[in-house]
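Colleague: Before I ask anything, here is the structure I am working with.
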Amino acid sequence: MIDLQDVALTLAGQPIIAPLNLTLTTGFTAVIGPSGAGKTTLLNLLLGLVPPTQGQITVAGTPVHGVHAHFAYMPQASMLLPWLTVAQNIALVARVTHRPVEPARLAAVLAAAGLTAERDRYPEQLSGGMQQRVAFMRTVMNPAAFRLLDEPFGALDAMTRAQLQDWLLTLPEALQRPTLMVTHDIDEAIYLADRILVLSARPARVVADIAVRPKHRDRTWLATQGALHQRLYALLQSDSVQEVAHAE
């Protein structure tokens, strides 16, 4: 369990994150908000890359300070090392931390990603969608308890993004892990998440915390979620209008 207790951030005299009290547990949580609201900054706070101006972050009741190993992080860009093969990129965390690579687990991860035949290829030989799958599976191989995703499919075309969203939902339970994902795509948040947090414009605060609990998800189900889409869109538009009004 991750707890943010009265956590706030000010940079160069500008308040970026308003005091937040937030608990993150199991399941898949999506964070949406206006552009520049501080969504990625929230991930940086959790990662320990930016210290909070006030408040405390705890993991399982233990305060954390500085960069720590509780989170596996996937940025928007795949950031694959071009001189390493698919298998080597996926196993990179183990190599960097001087841990042995388990051949059976690596084979299972490659199979789950549909990349067994590409294991000895290099990133430049892969499509954009394949590169993102490699980057995601590199995150899967990180043993950290919590997964942070920063718009992992945001740079892809609409069809490839939809295919990867579908693929993500088919991953075996053994590869699932508590996840916090930042996204600018309302439908992606609805489709993938069990919980959606809506951030306001800066200084960011949580203006809505919405549970999404379908019995199953598919594209047909997503097409029935128009009311939720409209609710989230209205929330985002409302905060954007407030931001403009304050600026004027």
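Rule-based calculations on the coordinates, nothing more; no lab input. Computed from a predicted model, the values in this text were never measured in an experiment. Neighbour counts run over all protein chains shown; Cβ positions are idealised from the backbone, glycine included.
Colleague: Taking the number of other C-beta atoms within 10 Å as the exposure measure, put Arg205, Arg95, Arg213 in order starting with the fewest.
Modeller: Arg213, Arg95, Arg205
Colleague: Does anyone have the angle between helix 226-247 and the longest principal axis of the chain? Alpha-carbon axes, 0 to 90°, nearest 10?
Modeller: Roughly 60 degrees between the two axes.
Colleague: Go ahead and run the numbers for FRET between Arg213 and Arg105, Cβ-Cβ distance against an R0 of 30 Å, rounding to 0.05.
Modeller: Numbers: r = 31 Å, r/R0 = 1.03.
Efficiency computed from Cβ-Cβ geometry: 0.45.
Colleague: Calculate for the chain the 222 nm mean residue ellipticity that helices alone would give, adding -39,500 (n - 2.57) per DSSP H run of length 4 or more and normalising by residue count, nearest 500 deg cm²/dmol. Write down the numbers at each step before the final one.
Modeller: Values: 9 runs with 87 residues, N = 248.
That calculation yields -10000 deg cm²/dmol at 222 nm.
Colleague: Starting from 0 in steps of 10 Å, tell me what percent of the Cα-Cα pairs of the chain lands in each bin.
Modeller: All Cα pairs considered, the percentages come to 7, 29, 34, 23, 6, 0.
Colleague: Where in segment 28-57 is the amide nitrogen less than 17 Å from a point lying 7 Å along the Cα-to-Cβ axis of Asp6?
Modeller: Once the point is set 7 Å along Cα→Cβ of Asp6, 52-57 turn out to lie under 17 Å by backbone N, inside segment 28-57.
Colleague: Express in whole angstrom the spacing between the alpha-carbon centres of segment 115-173 and segment 212-237.
Modeller: First find each Cα centre; the distance between them is then 24 Å.
Colleague: Right, something else. Quick one: helix 158-169 against the long Cα principal axis of the chain, what's the angle to the nearest 10°, folded into 0 to 90?
Modeller: Value to nearest ten degrees: 80.
Colleague: Take the chain, connect every pair of alpha-carbon atoms lying under 10 Å apart with a spring to form a Gaussian network, then pick out the residue of Leu42, Leu11, Leu168 with the largest mean-square fluctuation.
Modeller: Its mean-square fluctuation being the largest, the pick is Leu11.
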